[in-house]
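Peer 1: One structure, pasted below without further comment.
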Amino acid sequence: MHHQTQEPPIVLRARQHRDRLAFFGNGGDHSYADLLRRSEVVALGLLKGSDDLAEERIAFLVPTGIDYAAVQWGIWRAGGIAVPINSGAAVPEIEHVLVTAGARRLVVTPDLISTIGDLSARLGLSVVAPDTLAGSGPLPDIGCSRRAMILFTSGTTSKPKGVVFTHAMIEAQASTLVKAWRWQAEDRIPLFLPMHHLHGIMNVQTCALWAGAAIEPFTKFDADAVCLRVAERAYSVFMAVPTIYNRLISWLEQTTGTPAAQETLAGFGAMRLMVSGSAALPASVHADWAHRTGQMLLERYGMTEIGMALSNPYEGERRAGSVGVPLPGVDLCLVSESGEQIDGEGAVGEIWVKGDTVFSEYWNNSAATSESFEGGWFKTGDIATFERGYYRIMGRSSVDIIKSGGYKLSALEIEAALLDHPVIAECAVVGLPDDEWGERVAAAIVLEGGRTISLQDLQDWASERVSAYKLPRALLCVGSLPRNAMGKVTKPDVKALFLDKNQT
C-alpha cells in the first residue's frame with residue numbers, strides 16, 4: 001500500500017488551490033502549483049539525500065515574494081526549523097540570531113549576501129543560494145507538533161529571544177485570523193512589511209496563502225508604487241503599521257486635487273478590510289483615515305509569543321484607540337500586581353493569555369520560558385484596561401506604565417495626544433524618578449524641520465487634551481529617537497538621555 005506522506009498543514013491547504021495565483025506583480029505571476037514545486041526542490045536540495053532534517057535550524061535571507069515562501073516552505077517540508085534573518089539588521093544582531101538558534105546553514109540570494117559581512121567565515125556558516133538547490137527522493141513525514149520556525153522578539157529589555165513556533169501553532173494562528181477577518185480565496189493584498197517579523201510573515205503571507213489568496217510583494221514600502229496600485233484597484237485587503245498610514249496621509253496631502261489622489265482614495269475606499277497593528281495607532285490617525293477614505297481601520301493586538309490575541313470586530317464597532325475583544329480560541333485575563341485576576345469595567349492589569357496560538361518555549365532558554373508562564377498562562381508584560389466591553393492597551397509594564405502620584409499613566413496615551421501637535425513628528429514618553437510623585441512624565445520629541453517648542457508652550461497646548469497629572473514635566477528635543485533593530489523605540493535609552501542631561 002502506498003504511504004501518504006504527512007505534510008505541513010499549509011502545504012496541504014495549498015494543494016486545494018493549485019491553479020490559483022499565489023504571487024503577482026513585478027516579480028511575475030506564480031501559482032500555488034509553482035510554489036509547491038519550488039518548495040519541494042528547496043526541500044530536496046537541503047536534505048541532500050538524507051531522510052529528514054530533524055529540526056535542524058536553517059537561517060534564510062531572501063527577498064519578499066515567491067522565493068521567500070518557497071524557501072520557508074522548503075525548510076518545513078524537509079523537516080527543518082526556518083529562521084528568517086532581518087535584512088536591515090547590523091552584523092552583530094544577525095550573529096546573535098545565528099548563534100542563539102545554532103544555525104549552521106544560511107540560504108541567501110546573491111543580492112543580500114553582503115548583509116552578513118564576515119559571518120560565514122567567522123562562524124563557519126555554510127552559505128547556499130536558493131536557485132542552486134536541487135535533489136530527488138521522498139520527503140519526510142511532518143507532524144503538527146514539530147517545531148517549524150524561530151522568530152526573534154524585538155528585545156526591548158534584553159537581547160532578543162527566539163520564539164519557537166510549531167506547525168500546530170501556525171495552523172491555529174492562520175485559521176483563527178482567516179475566520180475572524182473573513183479571508184477569501186479572491187482576496188489580493190500588498191506585502192511590504194519586514195519579513196522577519198510576525199506581522200508580515202503570519203498576518204499577511206501565511207494567512208493569504210492559507211486562504212488561497214494572492215500577494216503582491218514589495219521589497220520595501222514605497223508610497224508612490226503602492227498608491228499607484230491602490231488606484232488601479234489591485235487590492236481587497238491592506239495591512240500596515242501606523243507609520244505607514246501616516247506616510248499615506250502625507251502622500252494624499254501632497255497630491256490633493258490630482259486625479260491620482262482621487263483614484264487612490266477611491267481604491268482605498270473600495271477595499272474589504274484595512275488593518276493597523278504592531279504599534280499603537282493614534283485616535284487622530286484613525287479619524288483622519290476614516291474621514292479621507294471611509295475606511296474604519298481595524299486595530300488588533302498580538303505579539304510574537306502569542307500571535308494575535310485581541311481584535312476589533314470585522315462587523316460591529318471598530319473603536320479608535322482600542323484593540324477590541326479576544327479572538328476565538330484565545331483565553332485572556334487581566335491580572336493585578338498582587339497576582340489576582342480582575343475583571344469588570346475599568347479593570348487595569350497585565351494581560352495573560354493561553355490557547356493553541358500561544359508558543360511553548362524560547363529556544364534554548366528554559367529560564368526565560370519558565371519565568372514567562374504561570375499555571376499555563378503566558379504573562380505578556382503588557383498592561384491593558386477594560387472599558388465598555390473592549391480592551392485598551394496602556395503599554396509595557398516595565399517601560400510604558402508611569403506611576404505618578406498614585407495614578408497609573410499610559411505613556412502610549414500621552415504620546416498619541418502629543419503627536420497631534422502640528423510641529424511634533426515623533427515622540428517618546430517615559431517616567432523619570434521623582435521624590436514627590438514617584439515618577440514624573442518626560443517627553444523626548446523630534447520636531448518638524450527647524451521648529452522649536454518650549455515646555456511651557458507644550459503644557460499649555462496639551463492641557464486641553466490630557467488631564468493635568470498627565471502633562472509632561474520635562475522636555476527634550478532630539479534629532480532622532482533611539483530604536484532597536486525592529487525599529488521600536490527603546491525606552492530605557494530614552495530615559496538615559498534625560499538622566500545624562502540632568503547630570504551635565
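Peer 1: Can you go through ALA168, ALA174, ALA129 and tell me which one is buried (at least 18 other Cβ atoms within 10 Å of the Cβ), at pLDDT 95 or above and small (Gly, Ala, Ser)?
Peer 2: Just one listed residue meets the conditions, ALA174.
Peer 1: Oh, and also: Here's a check for you: in segment 304-331, which residue that is open to solvent by 30 Å² or more (accessible area, probe 1.4 Å) and among the hydrophobic types (A, V, I, L, M, F, W, C) is farthest from LYS379 (Cα to Cα)?
Peer 2: Once the filter is applied, the top-ranked residue is ALA320.
Peer 1: Of all residues in segment 481-498, which are more than 22 Å from the chain's Cα centre (by Cα) and exposed (fewer than 14 other Cβ atoms within 10 Å of the Cβ)?
Peer 2: Correct list: ALA496 only.
Peer 1: Shifting gears a bit: Give me a count of the residues in segment 389-425 that are in a loop (DSSP other than H, G, I, E, B) and not acidic (Asp, Glu). Steps first, please.
Peer 2: To start, the set of residues in segment 389-425 that are in a loop (DSSP other than H, G, I, E, B) comprises 389, 397-400, 405-406, 419-423.
Now restrict to residues that are not acidic (Asp, Glu): 389, 397-399, 405-406, 419, 421-423.
Qualifying residue count for the region: 10.
Peer 1: Looking at (1) more than 24 Å from ARG20 (Cβ to Cβ); (2) part of a loop (DSSP other than H, G, I, E, B); (3) in contact (Cβ under 8 Å) with a residue 24 or more places away in the chain, which is the one condition that is false for GLY257?
Peer 2: (3)
Peer 1: Would you mention how many residues in segment 49-86 are of a type outside the set (A, V, I, L, M) and buried (at least 19 other Cβ atoms within 10 Å of the Cβ)? Before the answer, list the steps.
Peer 2: From segment 49-86, those of a type outside the set (A, V, I, L, M) are 49-52, 55-57, 60, 63-65, 67-68, 72-74, 76-77, 79-80, 84, 86; that's our starting set.
Cutting the leftovers down to buried (at least 19 other Cβ atoms within 10 Å of the Cβ) gives us 57, 60, 64-65, 67-68, 72-74, 76-77, 79-80, 84, 86.
Final tally of qualifying residues: 15.
Peer 1: Let me ask another. Counting only residues that are over 26 Å from ALA234 (Cα atoms) and open to solvent by less than 40 Å² (accessible area, probe 1.4 Å), how many does segment 24-48 have?
Peer 2: Of the residues in that region, 7 qualify.
Peer 1: Could you count how many residues in segment 87-126 are of a type in the set (Val, Ile, Thr), surrounded by 20 or more Cβ atoms within 10 Å (Cβ to Cβ), under 23 Å from ASN365 (Cα atoms) and in contact with a helix residue (DSSP H, G or I) (Cβ under 9 Å, 6 or more places away or on another chain)?
Peer 2: Looking only at that region, the number is 1.
Peer 1: For segment 245-282, name all the residues that are under 26 Å from ALA213 (Cβ atoms), among the hydrophobic types (A, V, I, L, M, F, W, C) and open to solvent by 50 Å² or more (accessible area, probe 1.4 Å).
Peer 2: Scanning segment 245-282 gives ALA270, ALA279.
Peer 1: Moving to a separate point now. Among the residues of segment 372-395, how many are open to solvent by 70 Å² or more (accessible area, probe 1.4 Å) and closer than 30 Å to TRP437 by Cβ?
Peer 2: Looking only at that region, the number is 1.
Peer 1: A further question on this structure: Is segment 321-337 home to any residue that is free of Cβ contacts under 8 Å to residues at least 60 places away in the same chain, more than 15 Å from TYR391 (Cβ to Cβ), in a loop (DSSP other than H, G, I, E, B) and not charged (D, E, K, R)?
Peer 2: yes
Peer 1: Let me ask something additional. Out of all the residues in segment 483-499, is one or more over 30 Å from HIS196 (Cβ atoms), touching a residue at least 12 places away in the same chain (Cβ under 8 Å) and touching a helix residue (DSSP H, G or I) at 6+ places or on another chain (Cβ under 8 Å)?
Peer 2: For segment 483-499, residues over 30 Å from HIS196 (Cβ atoms), touching a residue at least 12 places away in the same chain (Cβ under 8 Å) and touching a helix residue (DSSP H, G or I) at 6+ places or on another chain (Cβ under 8 Å): absent.
Peer 1: Scan segment 135-142 and give yes if some residue there is of a type in the set (Val, Ile, Thr), out of contact with any strand residue (DSSP E or B) (no Cβ under 9 Å at 6 or more places or on another chain) and modelled with pLDDT of 95 or more, otherwise no.
Peer 2: As a first pass, look at segment 135-142 and keep what is of a type in the set (Val, Ile, Thr): 142.
Right, trim to out of contact with any strand residue (DSSP E or B) (no Cβ under 9 Å at 6 or more places or on another chain) and you get none.
No, the conditions are met nowhere in segment 135-142.
The values are calculated or read from the model by the stated rules, or taken from the named source; none is laboratory data. Keep in mind the model is a prediction, meaning the values are calculated, not measured. No Cβ is skipped: glycine too gets one built from the backbone with ideal geometry, and neighbour counts run over all protein chains shown. These accessible areas exclude ligands, DNA and RNA; they are computed on the full protein's heavy atoms, side chains included. Shrake-Rupley method; radii C 1.70, N 1.55, O 1.52, S 1.80 Å.
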